[in-house]
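Undergrad: Okay, here's the structure, questions in a sec.
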Amino acid sequence: MAACFASNCYAADYVDDINLAAGKRAEGQRVIYEMNVGSFTTEGTFAAAQERLEELKALGIDIVWLMPIYPRGGGINSPYAATNFQETNPKYGTIAQLKSFVSRAHELQMEVWLDWVPNHTATNADWVTTHPEYYATSGGKKIHPNNYSDVWQLDYYNPDLVDAMNACLKFWIDEADIDGYRCDYISSPKIPVSYWQAAIPLIKSHKAVTFLGEADIASDATRLKDAGFDYDYAWQFQSSLANYGTSNTSARLKAFINTLLEKSASLSFGRMLYITNHDQNFNESKKTLTQKYGDNRYPLTVLAYTVYGMPLIYNGQETGGNQALDYFNDTKINWNTNDEKMLNTLRTLFALKHAVPAISDARQSALNPSTTLLNVSGSNGVLAYTRTLGDSQVLVVLNMGTSAATATIEGITAGDWSLWLDSETIAQGTSRKQVSLSAPHTFSLESKGYRVYVSGTYPEQDVNQPSAIRSIESSSHSTDRWYTLTGQSIPRPTNRGLYIHNGKKVVVGAKSDAFK
């Protein structure tokens, strides 16, 4: 494929070092990628997608959510109209090939989640013949949920159907060692909360998998707050951003953020944030990122991926997200389309997610970093906020206006900050620059510009130069300097771990020279 985003396609840098770092990410540091296997590669197979998992790792992906991989029926070829929940779509490959895909992902310290469709099956599903009693009826006739003519409604008041669905959930754990389920249409009134309250702990006792529910439980499907899901969709927030579209003032965005934070308070599950997915990309009248957001697609991406929760990227979004992908017919992603500004912005945002505690997320709302909107004067288009967790802090400044702006921002902690993401240079590559910010501080940003700062001292890196860690390794000035693997300068460490010292990676432990 002509457009490669693997780490060997450009000069290695600190972003790659962070995103490629070995080891499974902590739960609050993860990024999820929604993949349609049929669209992701020209071949549209598990085997072909497996060959590109390293590229996703370099991008900064931790979880690959596979859209439904089951055989399709119902007449319109929807992936959400399955004919058999224990088989794979033959166009994608075999169960053995899916297992190989998952195994390779695990080698790369990535998880694989399957898309689970609990509410219905295709109208020509195997169960229609073998187990007609599994389906809900009205007046002796099967029901099309939401008038979807290609599917029949399942009956969750039949204990045999419940057992059959749970057996299918266990099946993919046993056969392919999958790590989680994205559960479709959990807000269906035909699936009682009691089902999830029993099924989720049952499946977790089989393997500690993660359950993501397709609903805004905090705002709309509130009856599911105690159902046991690990994550929900922050759907209302994405809808608000879509309605904001190409607007150019900050007031509405502040209101959206406040609503998100208020709705997320006191939750016992995490939240997934996004600006697009398969529904928004194909099913809505305005589909691509440019059609939906215009040039706001860049600063709104920064907003969605730094303000709260776990970020989702839809397949192809890293090319700019300007292709409407028909997932009924597995439209192929055009990897020849390049948007270096979007790609490098995403890479950096994900590196921030992996390296900076203030961008982490937690299931218990009280354990999340605090988000504080800052007072801005001088421009009605500039939005600024901090996220703070302990002594870790990030400052985000966005200019939604249609012209360059100068704005003074209050509430900033004066001192040393590292500029990790700069919209003026990010299209040319990632960089890191040490700056000193005052309190208050006056910023100048170009139209639709954005800056993300991390509190503290980090090695600087020019655009498209080797990584901070590699530059430290080759520098004669690094003697007696200690750095974390994310390139932050620190005193001599006293905790066990892996560090950079004298240009080399050093394991600090009980017998380490660091303690002599």
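The values are calculated or read from the model by the stated rules, or taken from the named source; none is laboratory data. Keep in mind it's a predicted model, so treat the numbers as computed, not measured. FYI the Cβ positions are ideal-geometry reconstructions off the backbone, even for glycines, and counts take in every protein chain you see. For accessibility, only protein heavy atoms count, side chains too; no ligands or nucleic acids. Shrake-Rupley method; radii C 1.70, N 1.55, O 1.52, S 1.80 Å.
Undergrad: If a residue has to be under 12 Å from the mean Cα position of the chain (by Cα) and assigned to a helix (DSSP H, G or I) to count, how many in segment 303-317 make the cut?
TA: Of the residues in that region, 4 qualify.
Undergrad: Okay, moving on. Do the conditions hold for VAL15, that is, is it at pLDDT 95 or above, at negative phi and either surrounded by fewer than 18 Cβ atoms within 10 Å (Cβ to Cβ) or under 23 Å from the mean Cα position of the chain (by Cα) (or both)?
TA: Answer is no for this residue.
Undergrad: Give segment 36-60 a look and list any residue that's on the phi > 0 side of the Ramachandran plot and either surrounded by 20 or more Cβ atoms within 10 Å (Cβ to Cβ) or aromatic (Phe, Trp, Tyr) (or both), or say none.
TA: GLY60
Undergrad: Here's something else I'd like to know. Which residues, counting only those in segment 278-291, are farther than 25 Å from ALA427 by Cβ and either open to solvent by less than 10 Å² (accessible area, probe 1.4 Å) or basic (Lys, Arg) (or both)?
TA: Within segment 278-291, just HIS278 meets the criteria.
Undergrad: Is there any pair linking a residue in segment 437-462 that is over 21 Å from THR402 (Cβ atoms) and small (Gly, Ala, Ser) to one that is modelled with pLDDT under 95 and surrounded by 17 or more Cβ atoms within 10 Å (Cβ to Cβ), with Cβ under 7 Å and at least six apart or on different chains, and which?
TA: Pairs that qualify, where the first residue is over 21 Å from THR402 (Cβ atoms) and small (Gly, Ala, Ser) and the partner is modelled with pLDDT under 95 and surrounded by 17 or more Cβ atoms within 10 Å (Cβ to Cβ), are GLY456/GLN488.
Undergrad: Another question about this same structure. Those residues that are within 21 Å of SER247 (Cα to Cα), open to solvent by 20 Å² or more (accessible area, probe 1.4 Å) and either of a type in the set (Val, Ile, Thr) or touching a Phe, Trp or Tyr at 6+ places or on another chain (Cβ under 6 Å) (or both), I need them from segment 374-422; list them, please.
TA: Matches in segment 374-422: VAL376, THR402, THR406.
Undergrad: Moving on. Return only the number of the condition from (1) surrounded by 13 or more Cβ atoms within 10 Å (Cβ to Cβ); (2) in a loop (DSSP other than H, G, I, E, B); (3) under 31 Å from the mean Cα position of the chain (by Cα) that PRO90 does not satisfy.
TA: Going through (1) surrounded by 13 or more Cβ atoms within 10 Å (Cβ to Cβ); (2) in a loop (DSSP other than H, G, I, E, B); (3) under 31 Å from the mean Cα position of the chain (by Cα) one by one, PRO90 breaks only (1).
Undergrad: Does segment 259-275 contain at least one residue that is over 19 Å from ASP339 (Cα atoms), in a helix (DSSP H, G or I), open to solvent by 10 Å² or more (accessible area, probe 1.4 Å) and among the β-branched types (Val, Ile, Thr)?
TA: Yes, some residue in segment 259-275 is over 19 Å from ASP339 (Cα atoms), in a helix (DSSP H, G or I), open to solvent by 10 Å² or more (accessible area, probe 1.4 Å) and among the β-branched types (Val, Ile, Thr).
Undergrad: Restricting segment 337-369 to residues that are of a type in the set (Ser, Thr, Tyr) and at pLDDT below 95, which is least open to solvent (accessible area, probe 1.4 Å)?
TA: The first filter runs over segment 337-369 and keeps only residues of a type in the set (Ser, Thr, Tyr), leaving 337, 345, 348, 360, 365.
From what's left, at pLDDT below 95: 337, 365.
On the way: THR337: 59, SER365: 28 Å².
By that ranking, first place goes to SER365.
Undergrad: Something else: Kindly list, by first and then second residue, each pair from a residue in segment 89-104 that is in contact (Cβ under 8 Å) with a residue 12 or more places away in the chain and within 23 Å of SER78 (Cα to Cα) to a residue that is open to solvent by 10 Å² or more (accessible area, probe 1.4 Å) and among the acidic types (Asp, Glu), limited to pairs with Cβ atoms under 6 Å and residues at least 6 apart or on different chains.
TA: Filtered contacts from segment 89-104: ILE95/GLU175.
Undergrad: In the list ASN380, ASN399, which residue meets the criterion of being modelled with pLDDT of 95 or more, within 24 Å of the chain's Cα centre (by Cα) and among the polar types (S, T, N, Q)?
TA: Result of the check over ASN380, ASN399: ASN399.
Undergrad: Just to be sure, is HIS206 open to solvent by 50 Å² or more (accessible area, probe 1.4 Å) and either touching a helix residue (DSSP H, G or I) at 6+ places or on another chain (Cβ under 9 Å) or within 23 Å of ARG297 (Cβ to Cβ) (or both)?
TA: Judged against the criteria, HIS206 is a match.
Undergrad: So, ILE186, is that one in a loop (DSSP other than H, G, I, E, B), aliphatic (A, V, I, L, M) and closer than 20 Å to GLN86 by Cβ or not?
TA: no
Undergrad: Tell me the residue from GLY321, GLY294, GLY309 that is under 30 Å from ALA405 (Cα atoms), open to solvent by less than 20 Å² (accessible area, probe 1.4 Å) and either acidic (Asp, Glu) or modelled with pLDDT under 95 (or both), please.
TA: Only one candidate qualifies: GLY321.
Undergrad: Going by what's in this entry, would THR348 be described as closer than 23 Å to ASP62 by Cα, of a type in the set (S, T, N, Q) and touching a residue at least 24 places away in the same chain (Cβ under 8 Å)?
TA: The answer is yes for THR348.
Undergrad: Same structure again: Residues that are closer than 18 Å to SER444 by Cβ: which strands (runs of 3 or more DSSP E) entirely in segment 318-429 hold 3 or more of them?
TA: The qualifying strands (runs of 3 or more DSSP E) are 382-389, 392-399, 405-409, 415-422.
Undergrad: Considering only residues that are among the small types (Gly, Ala, Ser) and crowded, with 17+ Cβ neighbours inside 10 Å, look in segment 423-462 and name the one that is nearest to ASN338 (Cα to Cα). If you could, list the steps in order and put the result at the bottom.
TA: Going residue by residue through segment 423-462, those that are among the small types (Gly, Ala, Ser) are 423, 427, 429, 431, 436, 438-439, 444, 447, 449, 455-456.
Remaining after also requiring crowded, with 17+ Cβ neighbours inside 10 Å: 423, 429, 431, 449, 455-456.
Values: SER423: 17, GLY429: 13, SER431: 20, GLY449: 20, SER455: 32, GLY456: 33 Å.
Among those that are among the small types (Gly, Ala, Ser) and crowded, with 17+ Cβ neighbours inside 10 Å, it is GLY429.
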